[in-house]
Amino acid sequence: MSNDIIPNSKFEDNYANKLYNDISKVITEKRKQAYVAVSQSMVQAYWEIGRIIIEEEQNGELRSEYGKKVLQKLSDKLTDEYGKGFSVRTLQQMKKFYTVFPIANAVSSQLTWTHYRTLLKVTSDDARKWYIDEAIKGQWSSRQLERQINTHYYERLLASDVKDGVIAEANTNMAKLAPEHFIKDPYVLEFLDLKNYPELRETELEQALIDNLQDFLLELGRGFCFVARQKLMRFDDDDFYLDLVFYHSILKCYVLIDLKIGKLTHQDVGQMDSYIRMFDSLQKNDDDNPTLGIILCSEPNETIAKYSVLNDNKQIFASKYLYNLPTVEELQDYIQTQRRLIEERNGET
């Protein structure tokens, strides 16, 4: 066989790689443009909504004595028609957005609605303008902006004689986020009236582990009833997600499960305690028993399972809960086995 008809694998690989690189650039650029377009539309829409409500109020159409009731009815109608994202609190934030930025040109297209929600907490006009400029210049995510505001970066910088140290500290852990992280913002999902798909928040390994864990608990036959996956908990201006939520029909309590890919930390335990308190405040019925948390931390060679229960409920947990729940060892063995099988199936080591 002559050499000219033998497939040149190196040439094919190089050509395929070139095609991939060229196409990848197109996809990345167009996705970025899509994210920017959605962000701009959200900000413009919410500014306009705030303007409409404020102007109606100023015209006397929404008198103070019944304005809140009207906002509640407006919220209900908008939610029925356009999905989540139009609570009374959010509508009030849109009003404040317009009040703080009464000129449309003052609203930057480089910041998202989540950025602006965070900026509304800043009472000083000078500080707010400074944070806006720095967020745009540094391409801060909304989380990064919130961190800088919460640590009073502007005030500390203004008061310090040695500014380099303040700047260096503020830049710690400020790595830029890829633009596709924007689409995971729950406010973006609500604006687009998309369901809160778990795939938007979970890695492939997490998806598989949570899938299997959900089936495992339901198959135990010990009273686990599935309630939600990636349950959004909105408390004040913070969003939290619970990997799995069950109701235990025997224990008459909710069970919250948080899966971590990595080591268990003190912060993980404290976070679960916060989740329990928040869940009890927002979801628990008066006749339900205390909510229980389960933390699962999975590493390649070790899995740690820990039940989290608030101090004032530990006696109930010890005397009753343990007899109707899988043991720590059962959970550890199951997650470890499933992780190994998933990684072997995917060709990982």
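The values are calculated or read from the model by the stated rules, or taken from the named source; none is laboratory data. Keep in mind the model is a prediction, meaning the values are calculated, not measured. Please note: Cβ atoms are built from the backbone with ideal geometry, for glycine as well, and neighbour counts cover all protein chains shown.
General remarks:
- Elements of type helices (runs of 4 or more DSSP H) contained in the range 87-148, each with 3 or more residues being assigned by TED's automatic domain parsing to the domain that holds Gln44 and more than 23 Å from Ala37 (Cα to Cα): 88-100, 125-138
- Set Ala127, Ala135: member being more than 25 Å from Met233 (Cα to Cα) and either aromatic (Phe, Trp, Tyr) or touching a Phe, Trp or Tyr at 6+ places or on another chain (Cβ under 7 Å) (or both): Ala127
- Hey, Gln33 surrounded by 15 or more Cβ atoms within 10 Å (Cβ to Cβ), part of a helix (DSSP H, G or I) and of a type outside the set (D, E, K, R) or not: no
- Restricting attention to the range 247-272, the residues that are part of a strand (DSSP E or B) and closer than 20 Å to Thr303 by Cα total 7.
- Cβ pairs under 6 Å, 6+ apart, first in the range 124-145 and modelled with pLDDT under 85, second among the basic types (Lys, Arg): Gln139/Lys176
- Scope the range 24-36; condition in contact with a helix residue (DSSP H, G or I) (Cβ under 7 Å, 6 or more places away or on another chain) and either outside the structural domain of Ser109 (by TED's automatic domain parsing) or among the hydroxyl-bearing types (Ser, Thr, Tyr) (or both); matching residues: Tyr35
- Some residue of the range 13-23 being closer than 30 Å to Val122 by Cα, at pLDDT 85 or above, assigned by TED's automatic domain parsing to the domain that holds Ser142 and part of a helix (DSSP H, G or I): no
- Any hit, the range 314-321, residues being modelled with pLDDT of 80 or more, of a type in the set (Gly, Ala, Ser), part of a helix (DSSP H, G or I) and surrounded by fewer than 15 Cβ atoms within 10 Å (Cβ to Cβ): no
- Taken over the range 279-296, the criterion of being surrounded by fewer than 19 Cβ atoms within 10 Å (Cβ to Cβ) and either of a type in the set (A, V, I, L, M) or part of a strand (DSSP E or B) (or both) is satisfied by Leu282 alone.
- Selection from the range 56-72 of residues that are at pLDDT 80 or above and surrounded by 12 or more Cβ atoms within 10 Å (Cβ to Cβ): Glu56, Val70, Leu71, Gln72
- Check on Leu292, of a type in the set (A, V, I, L, M, F, W, C) and closer than 18 Å to Arg222 by Cα: yes
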